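Accompanying notes for the structure given below.
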Amino acid sequence: MSWLPDFGFWRRRRELQEEIDTHLQMAIADRVARGEPKDAAREAAIREFGNAPLVQDVTRGMWGWVRLEHLALDFYYALRQIRRSPIFAATVIGTLALGIAAPAAMFTVVDHVLLQPTPYRDAGRLVAIQETNGASAYTWPSPWMDIERWQARSRSFREIAFSAKSNGRSFIAENTAGLEVDGEKISSNLFRVLGVQPVLGGGFTPEAPSFAAGKNAGTIVLSDAAWREMFGGDRGIPGKTVKLNGDSYTVSGVMPPGFRYPEGSGVAPQVWIPIQLGKDDANRSFSAMQYTVLARLDRGATIESASSEMALIQRRVAAEYTDANLREDHHVVRILSYGGSLVIPEVRRALLALLAASGVLWLIAIVNAANLLLARSTVRQREIAMRGALGAS
């Protein structure tokens with residue numbers, strides 16, 4: 001075992017062998033001194049000592065490191081087999097590598113897209129509220145008048161918030177510096193519903209939405225990235241005035257690093273401004289503003305119980321639509337976990353199908369590797385029989 005490291009367990013093993021050899025040499029020398037021939041003395045001493053390998057095994061077993069030794073020996077044996085049959089080894093390793101790599105890569109994608117929770121406080125209680133005609137997988141955003149009815153009549157939600165994408169390109173400026181940003185219009189309570197608050201400033205003051213400009217009018221919240229890039233990380237930024245598309249806004253807060261809303265959007269928003277309801281929100285026509293709605297379930301409520309309650313509420317809400325087509329498109333409400341709502345059904349089904357296919361590929365790879373090993377074992381029958389005859393397990 002000259003290939004083994006000369007420290008720790010292997011040093012104790014070598015010392016054990018030296019002790020056995022020394023004991024045998026002393027026994028042989030004692031018999032020779034009594035007049036026995038050297039060869040006869042050696043045979044008698046070995047016979048008197050007993051099975052030396054068995055003594056070594058029993059002694060090493062008392063050390064408690066036998067499994068480590070067997071593992072090292074198995075590893076060394078595997079390396080010898082690879083060196084003896086490199087093409088066979090490469091075929092088996094390549095087959096298993098392909099069978100393992102594909103499911104691992106696919107699971108990484110599925111875990112990132114479908115399984116990981118959204119980065120908000122108690123994200124399992126966040127739900128999306130979507131309207132549909134009931135027959136289609138597609139859903140639509142909701143007008144303010146529907147959201148108002150839900151807020152007044154529902155008991156399943158602790159709070160309901162809503163948002164809308166800012167249209168077109170936006171530019172934020174201070175003095176002569178400017179930065180192109182992506183913006184989002186949100187209800188004043190949205191950060192509270194998400195369970196995330198600014199690290200600087202107080203953010204928006206939650207208030208009951210109204211058609212008049214509220215106390216949040218003319219305020220803006222910045223992302224950490226926009227704050228650092230545009231204002232150099234100035235901790236005195238809350239209360240300062242900036243311009244967004246030429247309009248003046250007062251900075252009311254800076255969000256934590258890594259925060260983004262909405263999740264799943266291609267470009268992370270860098271500014272958030274409060275929604276100010278207007279005349280387009282006072283009707284349910286095609287010109288009415290449409291909002292993405294999310295809510296936090298109240299204590300004891302579940303998605304199933306909320307869905308049952310909202311089904312009853314939506315029947316009365318849909319009856320208030322004067323346009324028959326709009327009434328048809330909005331007469332059903334779906335309640336989904338917020339994380340689940342970020343992935344459209346077609347993408348979800350495609351990812352799960354690919355994950356299942358990669359699992360089948362993994363099984364095929366295992367079967368192929370097993371067949372290769374069985375074929376190899378038939379070639380090595382005589383060798384294995386010899387090893388068994390010599391006492392190998």
Relative to the longest principal axis of the chain, what angle (0 to 90°, nearest 10) does the C-alpha long axis of helix 52-63 take? 30 degrees
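Mind ranking 144-151, 354-361 by how tightly packed they are, going by the mean number of other C-beta atoms within 10 angstrom, highest first?
Packing order, densest peptide first, comes out as 144-151, 354-361.
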Residues whose built amide H sits under 5 Å from the amide H of residue 157, excluding neighbours closer than 5 in sequence, are 298
Mind checking the angle between helix 86-110 and the chain's longest principal axis? C-alpha axes, 0 to 90 degrees, to the nearest 10. 20 degrees
Return P(r) of region 215-300 (all Cα-Cα pairs; 5 Å bins starting at 0; whole %; ordered from short to long distances). 3, 12, 18, 18, 18, 15, 10, 5, 2, 0
Distance from the Cα centre of region 24-63 to that of region 264-305, in angstrom? 89 Å
Expressed as an acute angle from 0 to 90° and rounded to the nearest 10, what is the orientation of the C-alpha long axis of helix 38-49 relative to the principal long axis of the chain? 50 degrees
Calculated from the structure, Rg/Rh (Cα atoms, Kirkwood Rh) equals which of (i) 1.10; (ii) 0.96; (iii) 1.31? (iii)
Work out the length of the dipole vector of the chain about its Cα centre, built from +1 on the beta-carbon of each Lys and Arg and -1 on the beta-carbon of each Asp and Glu, and round it to the nearest 20 debye. 640 debye
Rounded to whole Hz, the Karplus (6.51, -1.76, 1.60) HN-Hα couplings of region 369-377, x for glycine and proline: 5, 5, 5, 4, 5, 5, 4, 5, 5
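Where a number appears in this text, it was derived from the coordinates with a stated rule and is not lab data. Not measured: the values here are computed from a predicted model. Note that each Cβ is placed from the backbone with ideal geometry, even for glycine, and that neighbours are counted across all protein chains shown.
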